[in-house]
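Please read the structure below before turning to the comments.
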Amino acid sequence: MKFRLKQLPGAALATAAALVLAACGPAGGAPEGSAPPAATENADLTVYNAQHETMTQAWVDEFTAETGITVSVRKGKDTEMSNQIIAEGDASPADVFITENSPAMTQVEDAGLFTEVSEAVQKNVPEELRPSSNLWTGVAARSTVFVYNTDKVKEADLP
């Protein structure tokens, strides 16, 4: 199985990345630790998701609304999903693998199960968010916020 990321329209991926800035709805899906659901036979794409469920669902909903392509999402932890993809090999139903941890992505890359990300998609993602192999790409960034009580900690004492 070779991932068909290069077949996804660049505009849809850019829209998905832009949705990171939008508020997401309440979490849903399978309970923690439960087995991932089987891909629906009617889905056009199958996503293996080890990312935040609400963010991925927002991407899926927007992608389906824009393209009419239906998406089945399997949920799990990053190494659980990467190991499943590797175990399934060429028979994997996965079209897209989303994780927030690059080691899981690298594990699948090292197994030779990705195809090159298209130039149209690459243009939407800054070079520093892509690996040099161009076999996967970053689509979201996170911010870490530090909040402190200014009555107890002075700015000069911040780490």
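The values are calculated or read from the model by the stated rules, or taken from the named source; none is laboratory data. All figures in this text were calculated on a predicted structure; none of them were measured in a lab. Cβ placement follows ideal geometry from the backbone for every residue including glycine, while neighbour counts extend to all protein chains displayed. With ligands, DNA and RNA removed, areas are computed over all heavy atoms of the protein, side chains included. Shrake-Rupley method; radii C 1.70, N 1.55, O 1.52, S 1.80 Å.
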Inter-residue pairs, beta-carbon under 8 Å, first charged (D, E, K, R) and in the stretch 124-135, second in a loop (DSSP other than H, G, I, E, B) and surrounded by 12 or more Cβ atoms within 10 Å (Cβ to Cβ), 6+ apart
130/117; 130/136; 130/137; 130/138
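Out of the stretch 127-142, which residues are touching a helix residue (DSSP H, G or I) at 6+ places or on another chain (Cβ under 6 Å) and more than 18 Å from residue 107 (Cβ to Cβ)? Full working, then the answer.
Here is the first cut: in the stretch 127-142, the ones touching a helix residue (DSSP H, G or I) at 6+ places or on another chain (Cβ under 6 Å) are 135-136, 138-140.
Correct list: 139, 140.
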Condition set open to solvent by 20 Å² or more (accessible area, probe 1.4 Å) and touching a residue at least 40 places away in the same chain (Cβ under 8 Å), scope the stretch 45-57, selection nearest to residue 108 (Cα to Cα): answer is 51
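Kindly provide the set of residues from the stretch 102-136 that are closer than 12 Å to residue 86 by Cα and acidic (Asp, Glu), ordered by number.
Here is the first cut: in the stretch 102-136, the ones closer than 12 Å to residue 86 by Cα are 104-114.
Within the stretch 102-136, 109, 110 qualify.
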Over the stretch 113-148, the set of residues within 22 Å of residue 49 (Cβ to Cβ), surrounded by fewer than 11 Cβ atoms within 10 Å (Cβ to Cβ) and not hydroxyl-bearing (Ser, Thr, Tyr) is 141, 142
Return a yes/no flag: does the stretch 18-32 have any residue that is under 18 Å from the mean Cα position of the chain (by Cα), surrounded by fewer than 14 Cβ atoms within 10 Å (Cβ to Cβ) and either on the phi > 0 side of the Ramachandran plot or modelled with pLDDT of 90 or more (or both).
no
